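This report refers to the structure that appears directly beneath it.
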Amino acid sequence: MELNLSSAPDSDLIKDITEASFMADVIEASNTIPVIVDFWAPWCGPCKTLGPQLEAAVTAAKGAVKMVKLNVDEAQMIAGQMQIQSIPTVYAFHKGQPIDGFQGAQPESEIKAFVDRVVKASGGAVPDNGLADAIEAAEEMLAEGAAVDAAQTFAAVLGEDANNAAAYGGMARAQIAIGELDEAEAFLNGAPIEISKAPELEVAHAQLLLARQAADAGPVADLAAAVEAQPEDLQARFDLAQALYANGDVQGAVDQLLELFGRDKEWNDGAAKTQLFTIFDALKADDPIVLTGRRKLSSLIFA
């Protein structure tokens, strides 16, 4: 089933803005529809390539997302608030908060995947290829702990459509749930090029990374005691977050990482923010932990 959204004029979908209009064109506008912001400058070579590619992907979304372009040379206050250190930098805003982003030139497949991810994160509709019922059933099996049965159903879907990103990512997540981490990694690495950068596979990659970290996580009680004894020990707090996640306390892990980020945003090359994004990527975009966590992280970034 094709995405059926009324198409807005390109002049409305994509436009140049100024620092003075940032609040209206980005923060307020994103309450209605997600807004992608392209931070660029006239002297930036990669910006000249990325800009048109991003515009094409936004246009192809047919009104599911808007795009604005902001010249950082003329918007240094906003660039400073966003901690933009290099361009091109792209952020997506939804309901007044940044929900995703990237830096530097990207392949067209990754740009499309980014736009698709933004649409899905904001609750936009996604295409239905006729196998949705089977995938939904497999997801329910996986959620209920029947990972082997889920894997068999995902495999059946892939037998019908080898490039089905939802089934491919689901198959990898089922392997992770079973504990077959090496098999999941090999499966993901062998994904068809057409879907290798799809959001569904990025979720599986994030879950695989977290699963490998969990295997090396220390005991929660010992790490919690260490953090309580020395709150300024950021490594102990980071290790505690990993241990909490490994033990199924996702909210506790996010809370510890937010506390760490609030204490030192740049600690260990921004490890807390990176780990938070990994956890967010491993969860559903509309998970309350993700929505609240992204909002709190944004508040800390702009603080």
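The values are calculated or read from the model by the stated rules, or taken from the named source; none is laboratory data. Small disclaimer: the values here were computed from a predicted structure and weren't measured. A quick note on method: Cβ atoms are made from the backbone with ideal geometry, for glycine too, and the neighbour counts reach across all protein chains shown. Areas reflect the complete protein model, heavy atoms only, side chains present, ligands, DNA and RNA absent. Shrake-Rupley method; radii C 1.70, N 1.55, O 1.52, S 1.80 Å.
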Check: Going by the structure shown, is D149 open to solvent by less than 70 Å² (accessible area, probe 1.4 Å), within 27 Å of Q175 (Cβ to Cβ) and either at pLDDT 90 or above or in contact with a helix residue (DSSP H, G or I) (Cβ under 7 Å, 6 or more places away or on another chain) (or both)?
Finding: no
Next item on the list: For A172, work out the one condition from (1) outside any helix (DSSP H, G or I); (2) in contact with a Leu (Cβ under 6 Å, 6 or more places away or on another chain); (3) of a type in the set (G, A, S) it doesn't fulfil.
Entry: (1)
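One line per residue, one yes/no per condition, for (1) closer than 27 Å to Y91 by Cα; (2) surrounded by 18 or more Cβ atoms within 10 Å (Cβ to Cβ); (3) in contact (Cβ under 8 Å) with a residue 60 or more places away in the chain; (4) of a type in the set (A, V, I, L, M):
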{"position": "E185", "(1), (2), (3), (4)": "no, yes, no, no"}
{"position": "E202", "(1), (2), (3), (4)": "yes, yes, yes, no"}
{"position": "L210", "(1), (2), (3), (4)": "yes, yes, yes, yes"}
{"position": "V220", "(1), (2), (3), (4)": "no, no, no, yes"}
{"position": "A241", "(1), (2), (3), (4)": "yes, yes, no, yes"}
{"position": "G248", "(1), (2), (3), (4)": "no, no, no, no"}
{"position": "A253", "(1), (2), (3), (4)": "yes, yes, no, yes"}
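Is one or more of the residues making up segment 94-102 part of a helix (DSSP H, G or I), modelled with pLDDT of 90 or more and surrounded by fewer than 16 Cβ atoms within 10 Å (Cβ to Cβ)? Give the steps one after another, and end with the answer.
Pass one, segment 94-102, residues part of a helix (DSSP H, G or I): none.
Checking segment 94-102: not a single residue is part of a helix (DSSP H, G or I), modelled with pLDDT of 90 or more and surrounded by fewer than 16 Cβ atoms within 10 Å (Cβ to Cβ).
Out of contact with any strand residue (DSSP E or B) (no Cβ under 6 Å at 6 or more places or on another chain), modelled with pLDDT of 90 or more and buried (at least 16 other Cβ atoms within 10 Å of the Cβ): is that true of Q175 in this structure?
On the way: out of contact with any strand residue (DSSP E or B) (no Cβ under 6 Å at 6 or more places or on another chain): yes; modelled with pLDDT of 90 or more: yes; buried (at least 16 other Cβ atoms within 10 Å of the Cβ): yes.
Yes; evaluated as a whole, the condition is true for this residue.
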Next item on the list: Using the structure shown, decide if Q235 is in a helix (DSSP H, G or I) and either among the small types (G, A, S) or open to solvent by 60 Å² or more (accessible area, probe 1.4 Å) (or both).
Entry: yes
Check: Taking the stated definitions as given, is A204 within 30 Å of L158 (Cα to Cα) and within 22 Å of the chain's Cα centre (by Cα)?
Finding: yes
Check: So which of D233, D239, D249, D216 ends up being over 30 Å from N163 (Cβ atoms) and at pLDDT below 95?
Finding: D216
Checklist line | Only one of L188, L142, L201 that is in contact with a helix residue (DSSP H, G or I) (Cβ under 6 Å, 6 or more places away or on another chain) and more than 29 Å from A271 (Cα to Cα) | finding: L142
Check: Taking only pairs six or more apart or across chains, which ones have beta-carbon atoms under 8 Å, a first residue in segment 31-56 that is open to solvent by 40 Å² or more (accessible area, probe 1.4 Å), and a second residue that is among the β-branched types (V, I, T)?
Finding: W40/V72; W40/I87; P46/I87; Q53/I111; E55/I14
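Inspect all residues belonging to segment 107-114 and state whether any of them is outside any helix (DSSP H, G or I), on the phi < 0 side of the Ramachandran plot, touching a residue at least 40 places away in the same chain (Cβ under 8 Å) and surrounded by fewer than 15 Cβ atoms within 10 Å (Cβ to Cβ). Outline the logic, then answer.
The first filter runs over segment 107-114 and keeps only residues outside any helix (DSSP H, G or I), leaving 107.
So of that shortlist, the ones also on the phi < 0 side of the Ramachandran plot come out as 107.
With the extra rule that they be touching a residue at least 40 places away in the same chain (Cβ under 8 Å), the set shrinks to 107.
Applying the additional criterion that residues be surrounded by fewer than 15 Cβ atoms within 10 Å (Cβ to Cβ) yields 107.
The answer is yes, given that some residue of segment 107-114 is outside any helix (DSSP H, G or I), on the phi < 0 side of the Ramachandran plot, touching a residue at least 40 places away in the same chain (Cβ under 8 Å) and surrounded by fewer than 15 Cβ atoms within 10 Å (Cβ to Cβ).
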